[in-house]
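Reading through the structure tokens given below for one structure.
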Amino acid sequence: MSGSSTTVKQTTRRLGPSMRMAADLSDWDSSLLNLVTGQSGQILSSHYRDEWGHYYVGQSYPMQFGKVDARRRCD
């Protein structure tokens with residue numbers, strides 16, 4: 001995450017992008033996601049920024065599209 005001779009490091013402990021996603025178009029269940037502000041995104045939530053530490057060290061979470069149980073559909 002330090003960048004290279006042609007890129008700038010965009011992440012510090014106080015500054016970084018809002019999300020990282022690596023989509024595997026051949027196998028959606030292998031796609032990875034990390035939300036810096038956590039699942040809630042609400043500053044008063046106990047889950048606010050709970051994914052920041054993992055984001056900073058380069059760890060992401062599997063998206064598991066195949067495990068979604070759709071309850072309704074919008075047409």
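Computed from the C-beta positions of S18 and L44 and an R0 of 22 Å, the FRET efficiency is 0.75 to the nearest 0.05. Here is the tail figure for region 22-75: Cα pairs spaced more than 18 Å apart come to 49 percent of all pairs. Accessible area ranking (1.4 Å probe, heavy atoms, ligands and nucleic acids excluded), largest first, for S31, S60: S60, S31.
The values are calculated or read from the model by the stated rules, or taken from the named source; none is laboratory data. Fair warning: this is a prediction, and the values are worked out from it, not measured in the lab. With ideal geometry, Cβ positions are generated from the backbone for all residues, glycine too; neighbour counts draw on all protein chains shown. SASA here: full protein model, heavy atoms, side chains in, ligands and nucleic acids out. Shrake-Rupley method; radii C 1.70, N 1.55, O 1.52, S 1.80 Å.
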